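A.B. asks: The structure is given below, and queries will be raised subsequently.
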Amino acid sequence: MASSGVSSSLASLLRLASWIICLIVLASFAIFVVEQTSSASTHQQEEVNGHPSSTGTPAPKHEGAVHKKIDEASNFFTSPFSGIVSGSSSEWVIHLVKTALALFVYGFILSYLARAIRVRV
């Protein structure tokens, strides 16, 4: 009976970890999308108004503490997939692939393990 309680607790912990990791990765991707679309909008407005930016480099990011922590955590969880996208130069491809793989591994596989642990008991 005691192993049943431990297995149930482990399954709940895995499921909770899965949710938290997926939320962090999704929040980081959402922040990336917002930043990319707002900088693209600003760039297009400058082009339409005839005031192209003088440099080809984007302005430095001004990240808040929460934003920085979310990005650090997401980078930690998505770093195992960096080798898969190392040949790509597109930020969108890199973020999309790493996010999709993280959601698959941490969302689907951890949830599957949690269900498998619960069923075995």
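Just so you know, all these numbers are worked out from the coordinates, no wet-lab data involved. In this text the structure is predicted, and so the values were computed from the model without any measurement. Cβ sites come from the backbone with ideal geometry, for glycine too, and all protein chains shown count toward neighbours.
A.B. asks: Please turn the phi angles of the stretch 71-76 into ³J(HN,Hα) values with the Karplus equation 6.51 cos²θ - 1.76 cosθ + 1.60 (θ = phi - 60°), one per residue in order, whole Hz, x for glycine and proline.
C.D. replies: Per residue, the Karplus-derived 3J(HN,Hα) values read 5, 5, 5, 4, 4, 4 Hz.
A.B. asks: Below 14 angstrom from the Cβ of TYR112, what's the summed charge of the other residues (Lys, Arg +1; Asp, Glu -1)? Before the final figure, lay out the partial values.
C.D. replies: On the way: positive: ARG15, ARG115, ARG118, ARG120; negative: none.
Here the charged neighbours net out to +4.
A.B. asks: Fewest Cβ neighbours within 10 Å first, please rank ARG115, ARG120 accordingly.
C.D. replies: ARG120, ARG115
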